[in-house]
Amino acid sequence: MTATDRSLELLNTAAQAAADKLAHDIVAYDVSDVLAITDAFLLASAPNDRQVKGIVDEIEERLNKELGAKPARREGERDGRWVLLDYVDIVVHVQHSEERVFYALERLWKDCPQLELPEDAKATHGKAAEHANAMAAGDQQVDELDGELR
């Protein structure tokens, strides 16, 4: 079994919404052969809690406005570290970058086929690493300046 056309439509709209809100490393897996409860997972991450919430809100708004879809379940919003949106046909996971690394859902679903996503979503691959490197470089510069001031 493969993901349905409706699942792919939801997935592409959600992926584009996430990309528009600058999500990192957007990826989708067809889990229809291994799970009876959904067709696909969409994974995305962000470097802070506020951005996680912004991405989730944009996905919800876009799926409702463009496709008339509302999540059957929404979990994890309070902490803003990992929010799950269950649309039955697809499940969207938006995680803080630290949770994304720790839980490594990609490793869990690596045997499932990756699904094609819009170009904007594909362009997000590697953004989490770029952000981490930029933050580390910034921290190093602050440390160097702090050392010079002492």
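Here His24 fulfils each of the conditions (1) within 12 Å of the chain's Cα centre (by Cα); (2) touching a residue at least 40 places away in the same chain (Cβ under 8 Å); (3) over 22 Å from Glu119 (Cα atoms) apart from (3). If you go through region 88-104 and keep only what is of a type in the set (A, V, I, L, M), crowded, with 18+ Cβ neighbours inside 10 Å and either in a helix (DSSP H, G or I) or more than 11 Å from the chain's Cα centre (by Cα) (or both), you end up with just Ile90. The one condition from (1) over 16 Å from the mean Cα position of the chain (by Cα); (2) under 18 Å from Glu119 (Cα atoms) that Leu11 does not meet is (1). As for region 83-93, it holds no residue that is of a type outside the set (Phe, Trp, Tyr), touching a Cys at 6+ places or on another chain (Cβ under 6 Å) and at pLDDT 95 or above. Pull up region 53-64, narrow it to residues that are within 10 Å of Ala17 (Cβ to Cβ) and surrounded by fewer than 18 Cβ atoms within 10 Å (Cβ to Cβ), then point me to the one that is nearest to the chain's Cα centre (by Cα). Out of the qualifying residues, it is Asp57. Asp25 falls short on exactly one of the conditions (1) acidic (Asp, Glu); (2) part of a helix (DSSP H, G or I); (3) buried (at least 18 other Cβ atoms within 10 Å of the Cβ), and that condition is (2). Cβ separations smaller than 8 Å between residues 6+ apart or across chains give the following pairs from region 68-88 residues that are within 15 Å of Arg100 (Cα to Cα) to residues that are small (Gly, Ala, Ser): Trp82/Gly76; Val83/Gly76; Leu84/Gly76. Condition check for Leu85 on (1) outside any helix (DSSP H, G or I); (2) out of contact with any strand residue (DSSP E or B) (no Cβ under 7 Å at 6 or more places or on another chain); (3) under 18 Å from Ala3 (Cβ atoms): one failure, at (2). The condition of being assigned to a strand (DSSP E or B), surrounded by fewer than 22 Cβ atoms within 10 Å (Cβ to Cβ) and either under 12 Å from the mean Cα position of the chain (by Cα) or of a type outside the set (A, V, I, L, M) (or both) holds for only one of Arg78, Arg74, Arg50, that being Arg74.
The values are calculated or read from the model by the stated rules, or taken from the named source; none is laboratory data. If you're wondering where the values come from, they're calculated on a predicted model, not measured in any experiment. When we count neighbours, we look across all protein chains shown, and the Cβ atoms used for this are built from the backbone with ideal geometry, even at glycine.
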